[in-house]
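Coordinate-derived values only; no laboratory data. Everything quoted here is computed from the prediction, not taken from an experiment. Virtual Cβ from ideal backbone geometry, glycine too; neighbours counted across all protein chains shown.
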Amino acid sequence: MTVVSNTSPIINLARISQLDLLRRIYSELLIPEAVWQEIVVHGAGQPGADETRQATWIHMRAVSNRALVQSLRQELDAGEAEAIALALEVGAEALVMDERLGRETARHLGLRCVGLVGVLVAAKHQGRITAIKPPLDLLRSTANFRVFDALYERVLRDEGELL
């Protein structure tokens, strides 16, 4: 399965010591140069930087379609624009991204998006974690990851973790 990721899912999972979930779910992850720069170069010393640099299952790939990236940069940051362009170029089965505008743009271009909540749901369904609530609560408290209360409650209810 070819999966491309944006910056924030990697950093947020690293903040709660769960970055390896992406490897256990998808085996490999592609990231564009801009995401590598954001995490490893500009984020040196921050959660996710060393893990990403050392991970043999995270592969940095240059985006060929620079015109598409430039067009996407009108509304999106460099990492989001390159992640979308790379996902299109490689025919990715999924794009891991949480930012609303980036996801809307990616869907408009025909990409399947999954956010961190979706990653946790997939991890539970695959038996990689036993419950969604503990890592989701950690994301909210430790990583300051924003999840609307309605989504939080719906996901936990759907997964049988909210009575």
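Overview of values
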read-out: Percentage relative contact order, the range 3-116, counting C-alpha pairs under 8 Å, at least six apart; value: 31 percent
read-out: J(HN,Hα) series, the range 13-22, from Karplus relation 6.51 cos²θ - 1.76 cosθ + 1.60, nearest Hz, glycine and proline x; value: 5, 5, 4, 10, 6, 10, 4, 4, 4, 4
read-out: For the range 24-33, 3J(HN,Hα) per residue [Karplus equation, 6.51 cos²θ - 1.76 cosθ + 1.60, θ = phi - 60°, Hz, x = Gly/Pro]; value: 5, 8, 10, 6, 10, 9, 9, 9, x, 4
read-out: Farthest positive-ward along the range 11-163 dipole, Cα basis, beta-carbon charges - from 148, 131, 36; value: 131
read-out: Option label - volume of the Cα convex hull per residue in Å³ computed here, alternatives (i) 133; (ii) 109; (iii) 123; value: (ii)
read-out: Alpha carbon convex hull of the range 1-40, volume per residue in cubic angstrom; value: 58 Å³
read-out: Label-to-label distance, nm, for residues given as residue 67 and residue 144 (7 Å Cα→Cβ offset); value: 4.0 nm
read-out: Loop GluC sites (Glu not before Pro), the range 36-132 (other Cβ atoms within 10 Å of the site Cβ: 16 or fewer; DSSP); value: 75, 93
